[in-house]
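Working notes for the structure below.
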Amino acid sequence: MLKQQLRQKMLQKLSPQQILLMKLLQIPNIALEQRIKQEIENNPVLEYDEGNKYDDEENFDKYDDDNFTDEEYATDPYEEAFNEIDFNDYLSEDDIPSYKTYANNYSPDDEHREIPLMSGTGFHDHLINQLELKNLTEQEFTIGTIIIGNVDNAGYLKRSVKDMVNDIAFYQGIETNVAEVEKVLKVVQSLDPPGVAARNLQECLLIQLKRHEKEPMLHLAIDIIELYFQDFTKKHFDKIQTKTHCTDEELKDAMQIILRLNPKPGSAYSNVAQQTHYIIPDFIIENKNGKLELSLNQGNMPELRLNKTYLDMMANYNINKKKNKLTESDKNAAVFIKQKVDSAKWFVDALKQRQNTLMLTMQAIMDYQYDYFLEGDETLIKPMILKDIAEMVGLDFSTISRVANSKYVQTPFGTFLLKSFFSEAIENDKGELVSTREIKKILQDCVDNENKRKPYTDEQLTNILKKKGYPIARRTVAKYRDQLNIPVARLRKEI
């Protein structure tokens, strides 16, 4: 049964300005410049300030209401949308004219340099150029190009020979068989870099070993990869010695040959289609005579201003409105320009709020971790969570999370991801709260200084940490070891 009823409820909605600020907060400097370009493309009122200053307030005041008497104008009612426009908000002499509003991010004397694009021959083109020099029939060359097309950037063949036979018949209309494709595959595998077009790691290493220069223990290295590959990957050196009847020195020489091989032959060649990523720090911390100074990196951020042409149009609309000389198209244009001017002001204001929020948050983080940024000793890092910084700056912890997301800080000891300074607290044997990052640092040092012939197990690492005053469980040690990308003891073993 349908019925009408009245209902009251409270809703909390974010304004467009708040949504814009949150989006700008979470992007790093490297993406902010692109976001500014996008906004300029979408909003004709916003433009770069290239250093050419407009006329000052005196020239702008000629469009102000005070320069006209009430007797000069006749007023009539206009459409609701047009009447809502208060031109004085845009033309008031009490405020700084809006065309002078810009983000003061860099000096006009700063030198701007563009990074040139990388060019060159791609990995697959390099293989096809070599294939053209081989003595192949037209059909074999076509098969070879299809094989190369199925080689990934690491240099491995990602499709089976049987599937390629079907692909060649379906797409090229060429009748072939597994034997012929295998024959051409051997030719492709003879190309440089050695190991290319292998179907797995074992085949890749074998191709390289068989093309290796003759040296002592090469035959043992080939036997290890060809016959005892599983024992090799699991570092069961005792089993390999038992099966091959080799000495420690012979096994060591063979392993040295294998370790010099390239498990990803394609990685040696630059892929021109691949984008190079650079880390641009958002904050810079400098130690000047024992005192830390924080600055926001605004190196390539352009200055912004409002386009004077559109603001002059707003002034003319105000004059014509009072003289009752506006047409219907003029009214629509005035509404459009008002929306674009408002949007431009919101964007510039959001950039300023972003800058203030970033500086406020980073200042609190620097103060909280002052000893670390002064000395660079990771053991001085205090336990710190988002809530700690949120309480210091009086912002919500979700805002702090957006600030810490994908932002980098340049310190005298290196450039670090900002969120890496946030860590949980663990109580040591003295009842003091220490950062988990401090424990990870000690764990990393233990692994770096261990005897590689007999690496520490997780149980032994747990006992070492307990002796140092960090009573944590073995499973916690295993979790920290995984986070540090440290393999288990068996895989860290060396001869």
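The values are calculated or read from the model by the stated rules, or taken from the named source; none is laboratory data. Everything numeric here is computed off the predicted structure, so don't read it as measured data. Counting neighbours? That spans all protein chains shown, and the Cβs are built from the backbone with ideal geometry, glycine included. Ligands, DNA and RNA are stripped out before the accessible areas are found, and what is left, the full protein with its side chains, is counted by its heavy atoms. Shrake-Rupley method; radii C 1.70, N 1.55, O 1.52, S 1.80 Å.
The table below gives the values:
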quantity	calculated
Glu249 versus Trp346: modelled label distance in nm, points set 7 Å from Cα along the beta carbon direction	7.8 nm
Of Lys352/Lys387; Lys407/Lys430; Lys210/Lys243; Lys23/Lys345; Lys308/Lys331; Lys158/Lys440, pairs whose Cα-Cα distance is over 27 Å	Lys407/Lys430; Lys158/Lys440
Cβ-based net charge around Cys204, under 15 Å, with every Lys or Arg adding one and every Asp or Glu removing one	+3
Accessible-area ranking of Leu251, Leu294, largest first, probe 1.4 Å	Leu294, Leu251
Spacing of the two label points (7 Å from each Cα toward its C-beta) at Ser15 and Glu132, in nm	6.4 nm
Accessible-area value, Lys134, 1.4 Å probe, nucleic acids and ligands omitted, Å²	80 Å²
